[in-house]
């Protein structure tokens, strides 16, 4: 009898609980996160040997240099990570460097005799450089992210040449051009892909160039120290007058960049999908090309890989938005199309970081991009929202 009573009580309790759940159904469990936050991870499909090279390169990338290990005599940072750390190692940051030049009577002067266009703001035993009175052009350049650049490095020059030709054939006023720059290792000019002016052709050269110009670390590709403000007598303050790096570290940093994965895509929603259609309709994809493919490569992780940088990596005339600096054959108004992948990990926009919102960055576009910016301004509020949600998904 007691057992029967207990069963009846349990059944009654169960029925009451079911009724309560029917009236007030439990909250569904939260969906799993759709955003992969693994910025800074290695490329997929790397061999164990390549993973070892990536990790070794990352150690060199974060290593803090000191005057006793070659830093200076003038420099902008003590490690690569100091500038390339947002939102993860290999990213960018809001930090800017200063570029200078002089434009007088139609003649541009890179001010090589005053130390060149890049200012090194800090020094060891000497003062950091300051803007000279001869400079009438002063520009800031924001530190760009390095994610996925190994895929760009592994893309054939012919791909970018074909892109430029296809854009010219459209005859819509937005055609970019290939930057042909000196490739030190090849001993000839090849396509420039890296830097705000597409002034660097390969990641190996990128590593060597940054090491000497941003940190004062001489290396086999760039064996000469930067003379502070052009005064080579000040090199007597250099603690390590011999070659600072025999190529070990620059090669390691190039490996880190080569095997650094592309930014992971964020959450994709119906609105962000609609936003990409708006992006295309107003002409943003004329320059911000969604899809490219690497060439044939002995490394499977880089062999004919389709990737989505949202850039053509070509030079475009940006009108007044250009930084005014002429560099390695690039005009003062020309800028390389920056890739948009990973944009959601960026807090400041445009080459100088002047824009704090994506909307402001789009509206500031000028020159060949002015028609797209104008069309953006005429979008409805709903279309604008969709477009920004698409950009925030990159």
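The values are calculated or read from the model by the stated rules, or taken from the named source; none is laboratory data. What you see is a predicted model; the values in this text were computed from it and never measured. Because the Cβ atoms are built from the backbone with ideal geometry, glycine has one as well, and the counts that use them run over all protein chains shown.
Some values worked out for this structure:
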item: Every residue from segment 124-149 that is over 13 Å from residue 114 (Cβ atoms), assigned to a loop (DSSP other than H, G, I, E, B) and in contact with a helix residue (DSSP H, G or I) (Cβ under 6 Å, 6 or more places away or on another chain); result: 124, 125, 126, 146
item: Residue tally, condition more than 30 Å from residue 134 (Cα to Cα) and either free of Cβ contacts under 8 Å to residues at least 12 places away in the same chain or touching a strand residue (DSSP E or B) at 6+ places or on another chain (Cβ under 9 Å) (or both), over segment 224-247; result: 6
item: Condition met for residue 268 (surrounded by fewer than 21 Cβ atoms within 10 Å (Cβ to Cβ), touching a residue at least 60 places away in the same chain (Cβ under 8 Å) and in a helix (DSSP H, G or I)); result: no
item: 1 or more residues surrounded by fewer than 21 Cβ atoms within 10 Å (Cβ to Cβ) and within 21 Å of the chain's Cα centre (by Cα): qualifying helices (runs of 4 or more DSSP H) within segment 347-394; result: 358-363, 381-392
item: Subset tally (residues that are exposed (fewer than 15 other Cβ atoms within 10 Å of the Cβ) and within 16 Å of residue 113 (Cα to Cα)) for segment 210-234; result: 4
item: Output for segment 163-178, where each listed residue is surrounded by fewer than 18 Cβ atoms within 10 Å (Cβ to Cβ) and in a loop (DSSP other than H, G, I, E, B); result: 171, 172, 173
item: Residue match in segment 29-48 (condition: modelled with pLDDT of 95 or more and not in a loop (DSSP other than H, G, I, E, B)); result: yes
item: In segment 97-108, the residues that are in a strand (DSSP E or B) and either touching a helix residue (DSSP H, G or I) at 6+ places or on another chain (Cβ under 6 Å) or surrounded by fewer than 18 Cβ atoms within 10 Å (Cβ to Cβ) (or both); result: 102, 103, 104, 107, 108
item: Members of segment 49-77 found to be assigned to a loop (DSSP other than H, G, I, E, B), touching a helix residue (DSSP H, G or I) at 6+ places or on another chain (Cβ under 9 Å) and surrounded by fewer than 18 Cβ atoms within 10 Å (Cβ to Cβ), listed by number; result: 63
item: Any hit, segment 126-146, residues being under 21 Å from the mean Cα position of the chain (by Cα), at pLDDT 95 or above, at positive phi and surrounded by 19 or more Cβ atoms within 10 Å (Cβ to Cβ); result: no
